[in-house]
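Colleague: Before anything else, here's the structure in question.
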Amino acid sequence: MKDLLATISLVDSAALAALRIALILVAAWIIAAVLRRLIRLFQERIGARIADAEAVKRAATLGRVIRYLANVLISLIAAMLILAEIGISVAPILGAAGVVGIAVGFGAQSLVKDYFTGFFILLENQIRQGDVVDIAGKSGLVEEVTLRFVRLRDYDGNVHYVPNGLITAVTNKSRGFAHAVIDIGIGYGEDLERVFSIMREVAQALRSDPAFAPKIMDELEIAGVENWAESAVMLRARLKVTPLEQWTVRREYLRRLKKAFDEAEIEIPVPHLKVYSGADKRGFPPLPASQPQGPVPEQASRG
């Protein structure tokens, strides 16, 4: 009789434990489904308020990350509760998991760093698909942004995969507006005010062109004389343009300015050397024909 009662009690305990495990699994599934639904609704609401397609993509990526983390957390909690129901102590497992986690963490530090950095890059909207950026010594057009890496394609068509853990600073050339910076060299004998006037006329004509008017946001800003080079006076100016149009606008402006300078006979100097064929300023005779002509040291040229 005692054995029978013990058997019945054991069966009842096993059935109760099985029922509790079933309830834990059902509760975990319901909670996970509710969280997925809430995250999806939040994502759809955010997407409806944002007109930028890339921002919608970023929100979708963050939504996937949050859903993944929520599923992992719910699964871990459910697993620990089930192990407790079947009589397995969780404390030793957690201790062993902690030791293994430390070992794995030391071996996968760069991978963990990549994911954490990628998460905050997406969260803070530092890089989006279609941007032109400088990161980790590489520059190019962003083709893909993930939690693990950023894929760039440079001007030559080369593809660079940059792990997010290597990104310490981001230079984004595609946000809000850009400046087409123009450095111009003219001869020392040219009238600066006349040159500035021609530069403004060319910029105004470029802004009046229907093909370039939408790309240029403001009038030409002339900074002035940048420095005195060996053969030229260097001038600096810039045009405020829409993102990613700075290179196109700069090339077209320089092309038109070269034509305008040629028509106005403005000297665009190049480095050169002067060779004296007659007496110099101090009256010294020219060098004999057998000796090399050109700018040689004075002591050597005079014997």
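Colleague: Going through the cross-link list LYS138/LYS173; LYS215/LYS259; LYS215/LYS240, which pairs have a Cα-Cα distance over 18 Å in this structure?
Modeller: Over 18 Å Cα-Cα: LYS215/LYS259.
Colleague: When a/c reaches 1.5 or more, the comparison of a/b and b/c decides; with that in mind, is the stretch 130-178 rounded, prolate or oblate per its Cα gyration tensor?
Modeller: Oblate.
Colleague: Would you mind checking which residues have amide H under 5 Å from LEU235's amide H? H placed 1.01 Å from N; only 5 or more apart, or other chain.
Modeller: Distant-sequence amide H within range of LEU235: ILE184, GLY185, ILE186, GLU226.
Colleague: OK, next. Read phi for every residue in the stretch 240-248 and hand back ³J(HN,Hα) as whole Hz from Karplus 6.51 cos²θ - 1.76 cosθ + 1.60, θ = phi - 60°, with x for Gly and Pro.
Modeller: After applying 6.51 cos²θ - 1.76 cosθ + 1.60, I find 7, 10, 6, x, 6, 9, 5, 6, 5 Hz.
Colleague: Which ³J(HN,Hα) values, rounded to whole Hz and listed in residue order, are derived for the stretch 35-44 from phi using the Karplus coefficients 6.51, -1.76 and 1.60 in 6.51 cos²θ - 1.76 cosθ + 1.60 with θ = phi - 60°, glycine and proline given as x?
Modeller: With the stated coefficients, the stretch 35-44 comes to 5, 4, 5, 5, 5, 5, 5, 4, 5, 5 Hz.
Colleague: How far, in nm, would the chain grow between ARG194 and PHE42 when pulled straight, counting 0.36 nm per residue and subtracting the alpha carbon separation?
Modeller: Length gained between ARG194 and PHE42: 48.7 nm.
Colleague: Considering amide H positions built from the backbone, and no H for Pro or chain starts, which residues 5 or more places from HIS160, or on another chain, come under 5 Å of its amide H?
Modeller: Answer set, sorted by chain and number: LEU152, ARG153, ASP154.
Colleague: Report the gain in length on full extension from ALA79 to GLU267: 0.36 nm times residue separation, minus Cα-Cα distance, nm rounded to one decimal.
Modeller: Roughly 59.6 nm would be gained on extension.
Colleague: Per-residue HN-Hα couplings for the stretch 155-165, Karplus 6.51 cos²θ - 1.76 cosθ + 1.60 at θ = phi - 60°, whole Hz, x for Gly and Pro?
Modeller: 5, 7, x, 6, 9, 10, 9, 9, x, 4, x
Colleague: Could you work out how far apart the two model spin labels at SER89 and ARG251 are, taking each label as a point 7 Å from the Cα in the direction of the beta carbon, and quote it in nm?
Modeller: The answer from the label model is 7.3 nm.
Colleague: Suppose R0 equals 35 Å. What FRET efficiency, 1/(1 + (r/R0)^6) with r the Cβ-Cβ distance, do GLU221 and ARG151 give to the nearest 0.05?
Modeller: Details: r = 35 Å, r/R0 = 1.01.
My answer for the efficiency is 0.50.
Colleague: I need the peptides 73-84, 140-151 ranked by packing, meaning the mean over residues of other C-beta atoms within 10 angstrom, with the highest value on top.
Modeller: By packing density, highest mean first, the sequence is 140-151, 73-84.
Rule-based calculations on the coordinates, nothing more; no lab input. Everything quoted here is computed from the prediction, not taken from an experiment. Note that we place each Cβ from the backbone using ideal geometry, even for glycine, and neighbour counts take in every protein chain shown.
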